[in-house]
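The values are calculated or read from the model by the stated rules, or taken from the named source; none is laboratory data. This one's a predicted model, so the numbers in the text were calculated from it and none came from an experiment. Neighbour counts are summed over all protein chains in view; Cβ atoms, including those assigned to glycine, are modelled from backbone coordinates with ideal geometry.
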């Protein structure tokens, strides 16, 4: 594995055509209170009261030893950390019972640029802000290029303080997941790097090597090109920790995976997807990182906020389209009660075609919930509207649900069966492919997929697949 210290710079579907093109204008109503529900922190200083309970920090500013310490802790159980204004510190002698499983994701290459100490601290809480503050005042910015190809996650979604084992003084959070791949970070002349490939050294552009300083790198971007969403273990050379999801240690944990009674008293598991993307007060999650609220053209909406997510999705926020898609899928496929009232549902139906294109684009970008919404929206379209859309068939719906299930979206795993097993609406029947897909969904944490996989295994549907996958979670 390639490791260089110090820091990091970040580096046509027919349905996509349904989305209306247009430049996004900066919304005048963006505020920290709207996006985070908190008052803004003064200046760029760390404000403990402004820190969200859940956080997704990059680890590009960590030393090789610090990242190795976390990798070691994750092999011994669920890793525990202390998160303060000084940064995130691994507590190597503290753990929660549990382990991590790797699953590949649709590979993506991203670039995040940080322009001042406050933005650096919002994305990498720790010493990086102080280290680069002087450089940021000299018309420079910190650029982070990263490739994400997989995730290591635990099935533990809540940790009580009483469940901690070992020496745990100062423990505040546990590591729920880590995004893995490769990264490179560097201080560069402001505006000199426009795309992740430039930081990796491909092509010619401004931001030449001579304009860079204080580089940090881990992982091999070339090795990452061979990665696939079907990978069950990390690719050699493309297994660097890039970004973490930290969840708080609490006095009493919330149960987020439960068993409920379904039709005919059939007990079926249901899954709540953990989405911890958030920023400290004064910043909003935009693109792939935290930016100052007043600079953002769009931002990640509050989970479950239909109006807010619709507005931000239409302004170009792919993560907001993902959260909107979750609401839409629940409306169509989630049983009762429905999340939308009569007026909200009328708005949704009036925008179905344009949203379909946005959901497809967001699905292609790796937001699994949007894949499920693609299938749900097409199924609900009036027949005359659907006929006007190019190349939209039952196979289109099947592929959307397939991709959603492979990303761990529970509803997609459930509704895929009627298409791949029964050939609904002319979709290609393929029981073996269906079993493989829901086995992937099960490994990604979708309890519904594990249920369907086990049921089909017992019924002999789709040939033999390892039953261990069916009961993994």
Inset, instruction - Scan segment 119-130 residue by residue and report those that are surrounded by fewer than 24 Cβ atoms within 10 Å (Cβ to Cβ) and touching a helix residue (DSSP H, G or I) at 6+ places or on another chain (Cβ under 8 Å). - result: 130
Legend entry - Selection within segment 285-344 - over 21 Å from residue 362 (Cα atoms), out of contact with any helix residue (DSSP H, G or I) (no Cβ under 6 Å at 6 or more places or on another chain) and assigned to a helix (DSSP H, G or I): 294, 295, 342, 343
Legend entry - Pairs with Cβ under 7 Å, 6+ apart, first in segment 103-122 and assigned to a helix (DSSP H, G or I), second modelled with pLDDT of 90 or more and surrounded by fewer than 22 Cβ atoms within 10 Å (Cβ to Cβ): 118/292; 119/292
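Give the residue that is modelled with the highest pLDDT, with candidates limited to residues of segment 443-454 that are closer than 14 Å to residue 105 by Cα and crowded, with 24+ Cβ neighbours inside 10 Å.
Keep residues of segment 443-454 that are closer than 14 Å to residue 105 by Cα, which gives 443-445.
This time we only want the ones that are crowded, with 24+ Cβ neighbours inside 10 Å, so: 444-445.
On the way: 444: 76, 445: 73.
My answer is 444.
Is it the case that residue 322 is crowded, with 23+ Cβ neighbours inside 10 Å, under 30 Å from residue 116 (Cα atoms) and within 20 Å of the chain's Cα centre (by Cα)? Explain how you work it out, then say what you get.
Details: crowded, with 23+ Cβ neighbours inside 10 Å: yes; under 30 Å from residue 116 (Cα atoms): yes; within 20 Å of the chain's Cα centre (by Cα): yes.
When the stated conditions are applied, residue 322 passes them.
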Inset, instruction - Could you list, in sequence order, all residues of segment 357-395 that are part of a helix (DSSP H, G or I) and over 27 Å from the mean Cα position of the chain (by Cα)? - result: 383, 384, 385, 386, 387, 394
